[in-house]
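Data first, discussion second: the structure below is written as structure tokens.
The values are calculated or read from the model by the stated rules, or taken from the named source; none is laboratory data. All values reported here derive from a predicted model rather than from experimental measurement. Cβ atoms come from the backbone with ideal geometry, glycine included; neighbour counts cover every protein chain shown.
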């Protein structure tokens, strides 16, 4: 959104949230005027602060200032390192911050557009010894990196000050480090310093004891793993509990209670505070042998351990996660909602209402019993007299609005019960007068029970019946203003009410359903409205992707950039500037007229007095290179304003060509080496040409290059220059030696191979640099130790543009360097920490320090006791051995009594699928604490296989088809269980929230298609030939059809012997070429080829799909951009948007004998073995 500044009439951006009008030009002018009101007393310091102030580009940018030292109070020294001392202090006036508080929009002075000070701001003062004697070093090495840095966690600079006594300069930084130890906060936003917190806990160990050394050690170990977001695990004296009430006494003994002092929680002010009178649950353990294992399984829910002094039973103190009515864990813990109890409540209420029709009553009861969450709507029978102010919508005779007096039931978390939300606006849909309720009617009603794409809530509230007309009504929630900022229903109501205010006098235009055919070709996001010329009476379609000046379509619609108009603007401005040389002028004009995109650089003639802070960085035979600040900066296109504006104080490189005033032709040849394309990473960008006013040499103004050598940065973002870094390493060769020439040569050779900023610099590391050396594995010729490298490796810090050491780095694939034991003289290779300290094996997941063998051993205590079945046990061990990454699923045997709220959700020819709640939940790896914990109350899918009492290899092969990896789209498996009554085995799977395959739900990988769904089975498999990967490719082709059309293949015919014969004879489902890209159809056709040898292999499909993606979204990795693919996808998408209604209406009905669930196909395929393969019949629909 754009707006003209009321002070300077210059267009500015409006930030809608928060709603702010901020004019960069005005703010910079104010800062300039204020330059005379302050001074540091040092010209270079003043220039640095002024330069930084003039670089502000957003209202939220920090204005760096000169801050008088008497502004600081409560100054405390917190750390001293080498020549730097850190202090904490209070800045009395505080930093400037733009005030964006909202006021009355109707008033003249809508916003206070001035910066205001945030008084009494806590800051860090970084005082540099003797900095008054070396201002250049202070600016370049200390102050500038903080100015460049935008990361609050590493220190943001507010300004510069000076100690009046020592005259040392001081950087005033945000409160980014701990005031106790001076180290950076481990978690900045919560002001959490892990070393200090651990130290405090250790000091507190003497203040409590459980009386049991093992329990004490366990609690201490748990406390030392605590982070700011964790519960503080404690020993809790039993006399701290009040109002102890039993809530469960079967296999688990549970009580509810009030913890008087309450748990410790971190309050973001560097301290822990207790939350008194906290509700908790107490689990009494008669057998305390496995208390620690039980706690580790549910550690995220537990406050601590206590002990009943009368019975001596240990007690696990849980958070208030257990229902006080039934003792089960809440289904929704945050809202204290228990599904079994709420279902029970609804069942008890069945006797209190009736529709008068038994079938309707059963239907509503069924809907009520399907609730799974506190936000689910409880569908009700609504007496008609509860509906008032009934109004018909647009002469529809079937749609009405009304007010529901009592209103729907809504769950209140605080009261843990349902309450009615009275006087709610609803929509009514008339379903007609029915004497007999049919299945067809109920199926129609069921179709309304779908999740809305915007709200994710079921909008239907219930059913009613007009006592006069006997018509049934569906009652829908109309307004969601309480839930969302933007309410679709209210907006549509407002538009309908406004219909009376807008008419052109032509009924065809006024009725949206009868828009002119021309307008129908445009999608809703492309057409703004319809108008009419008052003189010619011609109708006008109003759109917003044509240029307002010339009427041509924008070259870049999103950026509203019109090439002809921009070229015209540049031509008109040719008269406003000149270099004084016709050839130079022609070159600049020629380059300006070459722009083809909004982000192309506009080459300019730049007056020399526009450059500031000019500094020579390199000299060659025919040129001298400088760094400088271009004060006005280059032109940059602003989408919101649809105009170019300047990017002030741009760092640039100046290439001064010696004696170029006499050799213009050579100058013009030189400039052709540079690019105006911002996305061209292979060439240096040129901003323009200038001329030195004294020596008359011409100057090429280029993108900023390396300050030291003038070469283009290898990485422009990180400002990393390979030649300079190589040179630095070479100069440092004389500062170290291993004492062995071959070792030295190897390290030097390795150092000179670095090619990017993230490469590790291999070093010679003195042995005395290692601490806490611990042997972890030994072989015949090698011993591996873990250790702490005190100085640590070198790492490039991009905002400081230099390498810094990372101290106290743990070391154990990447090599850091070489060392030598001074006693044994053995050489040592220093590697990244990727060996497990417990077993000495390489971590399975190096990044997250996860060792599969150790963690499987450790989790054996957490795993459920398996049944005595060798096949099952071997299978689970095999699945566990597949773990490669920390987030891979730990497959396990799961007792059937772990499942509650079991509901049927689907049935096939070989299995029934249920949803259920897994009480304990799966084991998940906590990467921060490097251990497994359970995630309770996980909703899962149970696939119960018929007649599977005996484990077969076929069953185990099906289970193996599922995935344990979260990194792919294959359905995930958690484990195996067994129905305790039927003894059928159950596959426990990830619950697919989106539903079944028909509604883009899940489908099964590596199914035995011969026994499954006929349209997806390859013709050769139907003819009883062996199943190959090519058959999988055929099935994938049918999935491509489903994804492209939203329709099941061959849905309009019976799935019988006739269809099987047709498939083998080359018949394929029809697809319209208009709504699907040709490249997509071509790939699908190849996959569905009758000859398996003609089908593409997996790698070919993957490359093509990547190419599709790269062409839609731009270059991706090594996959090239294909403009034809992009065009096809755009045309298909346009067609789809413009014909969305006709596409939806064209969805064919499913034949009653079309089956999309698993079944044996042998009866239909036994006679197909002798059918010869034929060419595929073209299945595209040209209409």
Residue that is over 36 Å from the mean Cα position of the chain (by Cα) and at pLDDT 85 or above, where the choices are 1010, 983, 1025:
983
Mind telling me which of the residues 1133, 1103, 1093 ends up being farther than 24 Å from residue 1015 by Cα, modelled with pLDDT of 80 or more and not in a loop (DSSP other than H, G, I, E, B)?
1103
In the stretch 578-599, how many residues are assigned to a loop (DSSP other than H, G, I, E, B), in contact with a strand residue (DSSP E or B) (Cβ under 9 Å, 6 or more places away or on another chain) and surrounded by 13 or more Cβ atoms within 10 Å (Cβ to Cβ)?
5
Condition set assigned to a helix (DSSP H, G or I) and over 43 Å from the mean Cα position of the chain (by Cα), scope the stretch 363-389, selection surrounded by the fewest Cβ atoms within 10 Å (Cβ to Cβ): answer is 385
Where residue 706 falls short, out of the listed (1) on the phi > 0 side of the Ramachandran plot; (2) in the same structural domain as residue 587 (by TED's automatic domain parsing)
(1)
Looking at (1) within 37 Å of the chain's Cα centre (by Cα); (2) surrounded by 11 or more Cβ atoms within 10 Å (Cβ to Cβ), which is the one condition that is false for residue 753?
(2)
If you go through the stretch 687-708 one residue at a time, how many are under 43 Å from the mean Cα position of the chain (by Cα) and under 30 Å from residue 585 (Cα atoms)?
10
Looking only at the stretch 664-688, how many residues end up being in contact with a helix residue (DSSP H, G or I) (Cβ under 7 Å, 6 or more places away or on another chain) and assigned to a loop (DSSP other than H, G, I, E, B)?
1
So residue 734 clears everything in (1) outside any loop (DSSP other than H, G, I, E, B); (2) in contact with a strand residue (DSSP E or B) (Cβ under 8 Å, 6 or more places away or on another chain) except one condition, right? Which one?
(2)
Filter the stretch 629-663 for residues that are part of a loop (DSSP other than H, G, I, E, B) and more than 21 Å from residue 579 (Cα to Cα); the one that is modelled with the lowest pLDDT is 640
In the stretch 45-93, how many are part of a loop (DSSP other than H, G, I, E, B), modelled with pLDDT under 90 and either surrounded by 14 or more Cβ atoms within 10 Å (Cβ to Cβ) or in contact with a strand residue (DSSP E or B) (Cβ under 9 Å, 6 or more places away or on another chain) (or both)?
9
Among the residues that make up the stretch 662-669, is at least one of them under 43 Å from the mean Cα position of the chain (by Cα) and surrounded by 14 or more Cβ atoms within 10 Å (Cβ to Cβ)?
no
Selected residue (criterion: farthest from residue 345 (Cα to Cα)) from residues of the stretch 391-428 that are part of a strand (DSSP E or B) and either outside the structural domain of residue 464 (by TED's automatic domain parsing) or modelled with pLDDT under 85 (or both)
392
I need the full set of residues from the stretch 332-350 which are out of contact with any strand residue (DSSP E or B) (no Cβ under 7 Å at 6 or more places or on another chain) and over 15 Å from residue 369 (Cα atoms), in order please.
332, 333, 334, 336
Evaluation of residue 6 against (1) in contact with a strand residue (DSSP E or B) (Cβ under 9 Å, 6 or more places away or on another chain); (2) modelled with pLDDT of 90 or more; (3) more than 19 Å from residue 155 (Cα to Cα); (4) loosely packed, with under 15 Cβ neighbours inside 10 Å (one fails), failing number:
(2)
